[in-house]
1. Can you find even one residue in the stretch 60-68 that is at pLDDT below 75, touching a helix residue (DSSP H, G or I) at 6+ places or on another chain (Cβ under 7 Å) and in a loop (DSSP other than H, G, I, E, B)?
2. If you go through the stretch 164-187 one residue at a time, do you hit one that is closer than 19 Å to residue 136 by Cα and surrounded by 15 or more Cβ atoms within 10 Å (Cβ to Cβ)?
3. What number goes with the only condition from (1) at pLDDT 80 or above; (2) in the same structural domain as residue 39 (by TED's automatic domain parsing) that residue 76 does not pass?
4. Tally time: how many residues in the stretch 139-159 are outside any helix (DSSP H, G or I) and either within 19 Å of the chain's Cα centre (by Cα) or modelled with pLDDT under 55 (or both)?
5. Going through the stretch 177-195 one residue at a time, which ones are in a helix (DSSP H, G or I), in contact (Cβ under 8 Å) with a residue 24 or more places away in the chain and closer than 19 Å to residue 86 by Cα?
6. Closer than 19 Å to residue 261 by Cα, loosely packed, with under 14 Cβ neighbours inside 10 Å and either at pLDDT below 80 or out of contact with any helix residue (DSSP H, G or I) (no Cβ under 8 Å at 6 or more places or on another chain) (or both): is that true of residue 97 in this structure?
7. Determine which single condition residue 199 fails, assuming it passes every other condition in (1) more than 19 Å from the chain's Cα centre (by Cα); (2) under 23 Å from residue 140 (Cα atoms); (3) at pLDDT 95 or above; (4) surrounded by 15 or more Cβ atoms within 10 Å (Cβ to Cβ).
8. Could you identify the single residue in 230, 164 that is at pLDDT below 95, closer than 20 Å to residue 110 by Cα, under 16 Å from the mean Cα position of the chain (by Cα) and not in a loop (DSSP other than H, G, I, E, B)?
């Protein structure tokens, strides 16, 4: 019999058996965990959901849903843009740590080898919601390095990597994404749609930024199943890279095609 000052057994612990061991218990649902994971799953399958849409999907009190969302925002599991919710960078941090992108499919050494062969700064990015996040770089010069570190979140439609990732989507997914663009992005949408057929045919996307002074050329990184899981981009001065666009595109495809043939490995030791 428990004394009043002794803690009660945790309901989630295994039950003791006659021989002093513990019998395994079936995993039990937990309402808080269920709701948090449902929020994440809803955002995965329906990026850009509003608070009202999430509350309806969960069939839960708005006050509870609001609290869960605020907690997920604070920890980086979600991020909010124009009152819509998307998966946050924390999710992709776990993906990186697990080895599914950098350590298993693309290593830092891979980026270094690509940099040495092309002579251009190399950036590895992943999609988070409607944005692109740079997660690794090699050889960044003063401008591209500072810009990447000070603005890690970029619009998909405003980057070479983002365009490559968008072109890899199905037509239905692409239409949904384009419908969410605001009036300020109308010109970028027009440019992308004009390039879409060529990007899908060649698997190469380009972009010019900073008043035409910076040129970027990118393509998707695919796993063994052919899914686009990341994107790789070469960035540099327009006079240096744009005349070499064909050569650089061929080098990019050669490298990413070799990476895609690998089996995923556990994350290397730190």
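1. Step one: filter the stretch 60-68 for residues at pLDDT below 75, giving none.
Within the stretch 60-68 (the criterion being at pLDDT below 75, touching a helix residue (DSSP H, G or I) at 6+ places or on another chain (Cβ under 7 Å) and in a loop (DSSP other than H, G, I, E, B)), the answer is no, since none of the residues qualifies.
2. The first filter runs over the stretch 164-187 and keeps only residues closer than 19 Å to residue 136 by Cα, leaving 164-165.
Those still in the list that are surrounded by 15 or more Cβ atoms within 10 Å (Cβ to Cβ) too: 164-165.
Yes, the conditions are met somewhere in the stretch 164-187.
3. Unmet condition: (1).
4. Quick first cut of the stretch 139-159, residues outside any helix (DSSP H, G or I) only: 139-141, 151-155, 159.
Filter once more, so that each one left must be either within 19 Å of the chain's Cα centre (by Cα) or modelled with pLDDT under 55 (or both): 151-155, 159.
Residues flagged as outside any helix (DSSP H, G or I) and either within 19 Å of the chain's Cα centre (by Cα) or modelled with pLDDT under 55 (or both) within the stretch 139-159 amount to 6.
5. Across the stretch 177-195, the qualifying residues are 177, 185.
6. On the way: closer than 19 Å to residue 261 by Cα: no; loosely packed, with under 14 Cβ neighbours inside 10 Å: yes; either at pLDDT below 80 or out of contact with any helix residue (DSSP H, G or I) (no Cβ under 8 Å at 6 or more places or on another chain) (or both): yes.
For residue 97, the condition - closer than 19 Å to residue 261 by Cα, loosely packed, with under 14 Cβ neighbours inside 10 Å and either at pLDDT below 80 or out of contact with any helix residue (DSSP H, G or I) (no Cβ under 8 Å at 6 or more places or on another chain) (or both) - is not met.
7. Looking at each condition in turn, residue 199 falls short on (2).
8. Details: 164 fails: at pLDDT below 95.
Exactly one of 230, 164 is at pLDDT below 95, closer than 20 Å to residue 110 by Cα, under 16 Å from the mean Cα position of the chain (by Cα) and not in a loop (DSSP other than H, G, I, E, B), namely 230.
The values are calculated or read from the model by the stated rules, or taken from the named source; none is laboratory data. This is a predicted model, so every value here is computed, not measured. We place every Cβ from the backbone using ideal geometry, glycine too, and count neighbours over all the protein chains shown.
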